[in-house]
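The block underneath contains the structure these notes are about, expressed in C-alpha cells.
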Amino acid sequence: MNYDVIIIGAGPGGIFSAYELMLKKPELKVGVFETGFPLEKRKCPIDGDKVKSCIKCPTCAIMNGFGGAGAFSDGKYNITNDFGGTLYQYIGKDKALELMKYVDEINMSHGGEGTKMFSTAGSEFKKLCLQNKLKLLDASVRHLGTDINYIVLGNLYNEMKDKIDFHFHTPVKDIEVLEDGRFRIHYGENETAECDKCVVSVGRSGSKWMEEVCKKLNIDTLSNRVDIGVRVELPAAIFSHLTDELYESKIVYRTHKYEDAVRTFCMNPNGIVVNENTNGIVTVNGHSFEDQSKKTENTNFALLVAKHFSEPFKESNAYGESIARLSNMLGGGVIVQRFGDLEKGRRSNKKRIQEGTVRPTLDATPGDLSLVLPKRILDGIMEMIYALDKIAPGTANDDTLLYGVEVKFYNMEVKLDENLETQYKGLYIIGDGSGVTHSLSHASASGVYVARQILK
Ligand SMILES: Cc1cc2nc3c(=O)[nH]c(=O)nc-3n(C[C@H](O)[C@H](O)[C@H](O)COP(=O)(O)OP(=O)(O)OC[C@H]3O[C@@H](n4cnc5c(N)ncnc54)[C@H](O)[C@@H]3O)c2cc1C
C-alpha cells in the first residue's frame, strides 16, 4: 500500500483533488480513503413512513461517503469571495474565483449543463435591502439541485474509479509523519498505507478527528466561531420575487440591540427541510430539487447568528453542540414552532401547526424554541424576521415555521501556509475540515489548488 498521494475524505475537496491529479498526471498512484460508502450505497433510512426521524446510524449516509456532506445537498455552487470560506486569504481573490469557475466548468461537462447560473450583479434588490438596513451580498450561484448534483458526482466517480484506488468504509484512524518526511496512515485492524503527499479533506463530520490529529502532530489550531439559529419555512410565494431572480439571496442584518450579524443562509425555493446528524446530534438543514415533480409549495432558509468568542473560551463548537443537544433533549430531535406562537410566548402543538397555512415538509416535534435558544440569539432572529418582512411581506406571519436548531459548526482553523500546507511539507489540509472553507465551491476549489501545488 504505497501511494504517491493519499487523500483522506471523498467529499468535494477530496474529489476535486483526486480528479485534478488524475487529469493532469494520470501516472500518479492515488488512493482515496473514505469513512462512508460509494454514492449508490448511500441511503438514509428515513423514509417518512416506517422511519420518520434520525436513528443515528454509526455512519451517517447524509454526511459520509462519496460526495461527502454535499452529495444530497442542494448543489448550490456560490462563486464568490464574499461568503463560503476564506480561501482567498490564502491564495488571493482572483485565484480563488478562477478555481471556482474551473470547478463549475467540470460540473457542467459532467451532467450539469443546462442548469441555471443566477447573479446578484445589477439587481434592484440591493437598493431595497439597503433601504431596510439589510445588505445583499454579491455572488453568482450555480444551482445544480440535489438530483443533478447526484448525477454529476456519479459521472465524476465513473471517470475516476478505474484510475484511482477508492477505499470505502475505511475511516482513517491516524496519520504518522515518518522520519523520511513521508506519511503513514492507519486504518482498519492495524492496517497501514504510506504516501509521499497526504491531503486531508475530512469535512465537518471529521472535525473531531481532525482536532485530535492536529493535537498529536502539534499543528496549531484556532476555534472561536459558531453560527446558531433556525430554519425558516414559509410559502414560496413570499420570497418568489427574490428567488426567481437570484435563486439564493445572502442577506445580512446587524441587530439593533447587540450589533450581532444575522444572515440568511442556504435558501431553498420550493424545497424541503431535512434533519442533519453531526456526531450524533440532530440539527436541521434544507435542500431542493431541480426536478419539477419534487418541488414543494414552500421555501426554506436558515437565519443564523454568528457568535465569535474571545479568549479564554475556545470551545465554540461545544457551545453550539450543547444548544443543539438541548433541542434534542426537549424534542427528541428537531423542534418546530410557529412564529406567532414564539411571539406570544407559548409552545406550538400539533393542532396549531396542522391548522396553520404552512404545511411543514419535515416531521419535527412542535415545541418552544425560546426554551432552547439563548435570548441574545433569539432576539437577533426575531429582529431579522421583522426586517425581512419589509422586503418580503409575509415573512413575519404567525404561520411561518421555525425549525431549530440549525447550527453551523465551524471547524477549528488549522494553521496553514499559502499552499494550504501544514508545517510538515507534503501534509495538506483542505475543505471544511481545515476551517478555511464552508461551502461546495470553496471546498472543491481548495482541492484543485492543492492538487496543482502537488503537481508543481
Ligand atoms: C444537507 C446539506 C446541504 C448543503 N447544501 C449546500 C449547498 O447547497 N451549497 C454549499 O455550498 N454547501 C452546502 N452544504 C455544505 C457542503 O456540503 C460542504 O461545505 C462541503 O461538502 C464540504 O466539502 P469537504 O470535502 O470539505 O467535506 P465533506 O463534504 O464533509 O466531506 C468529507 C468526507 O470525509 C470523510 N471523512 C471524515 N473523516 C474521515 C476519516 N477519518 N477517514 C476517512 N474519511 C473521513 C467523510 O465521510 C466525508 O465523506 C450542505 C451541507 C449539508 C449537510
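Please treat every number below as a calculation from the coordinates, not as lab data. This is a predicted model, so every value here is computed, not measured. As a convention, Cβ positions derive from the backbone with ideal geometry for all residues, glycine included, and neighbour counts pool all protein chains shown.
Summary table
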read-out: Rounded to 5, percent antiparallel among DSSP beta bridges of the chain; value: 80 percent
read-out: Mean projected area in nm² (Cα convex hull; one quarter of hull surface) for the range 375-432; value: 6.7 nm²
read-out: Trypsin sites (Lys or Arg not before Pro) within the range 234-326, DSSP loop, no more than 15 other Cβ atoms inside 10 Å; value: K257, K314
read-out: Calculated SAXS-style log₁₀ I(q)/I(0) at q = 0.15, 0.22 Å⁻¹ - the range 357-456, Debye, Cα scatterers; value: -0.78, -1.11
read-out: Subset of K95/K408; K101/K133; K161/K294; K101/K456; K163/K425 violating a 28 Å alpha-carbon distance limit; value: K101/K133; K161/K294
read-out: Neighbour cut-off at most 12 other Cβ (10 Å), DSSP loop, GluC sites (Glu not before Pro), the range 208-283; value: E259
read-out: The range 41-191 - convex hull of alpha carbons, volume per residue in Å³; value: 218 Å³
read-out: Kirkwood hydrodynamic radius of the range 139-223, Cα pairs, Å; value: 15.8 Å
read-out: Per residue, the convex hull volume that the Cα atoms of the range 204-360 enclose (Å³); value: 165 Å³
read-out: Bins of 10 Å, starting at 0 and running to the largest distance - Cα pair percent for the range 192-286; value: 11, 29, 28, 21, 9, 2
read-out: Ordering of 358-370, 326-338, 198-210, 167-179 by burial proxy (mean other Cβ atoms within 10 Å per residue, highest first); value: 198-210, 326-338, 358-370, 167-179
read-out: Largest to smallest principal axis extent of the C-alpha atoms in the range 1-82, angstrom; value: 48, 39, 18
read-out: Among 372-383, 152-163, the order from most to least packed when residues are scored by Cβ within 10 Å on average; value: 372-383, 152-163
read-out: Shape of the range 412-456, Cα gyration tensor, a/c cut at 1.5; value: oblate
read-out: Packing rank of 8-14, 447-453, 143-149, where each peptide gets the mean count of other beta carbons within 10 Å, highest leading; value: 8-14, 447-453, 143-149
read-out: Cα convex hull of the range 39-111, projected area averaged across orientations, nm²; value: 6.8 nm²
read-out: Helix-derived mean residue ellipticity, 222 nm - over the chain, DSSP H n ≥ 4, -39500 (n - 2.57), to 500; value: -9500 deg cm²/dmol
read-out: Dimensions (Å) - the chain, Cα atoms, principal axes, largest first; value: 66, 46, 44
read-out: Fraction in percent of alpha-carbon pairs per bin - 10 Å, the range 71-122; value: 21, 50, 28, 1
read-out: Where only C-alpha atoms are counted, convex hull volume of the range 288-409 per residue in Å³; value: 130 Å³
read-out: Evaluated over the range 292-350, the Cα radius of gyration and Dmax, each in Å; value: 16.1, 51
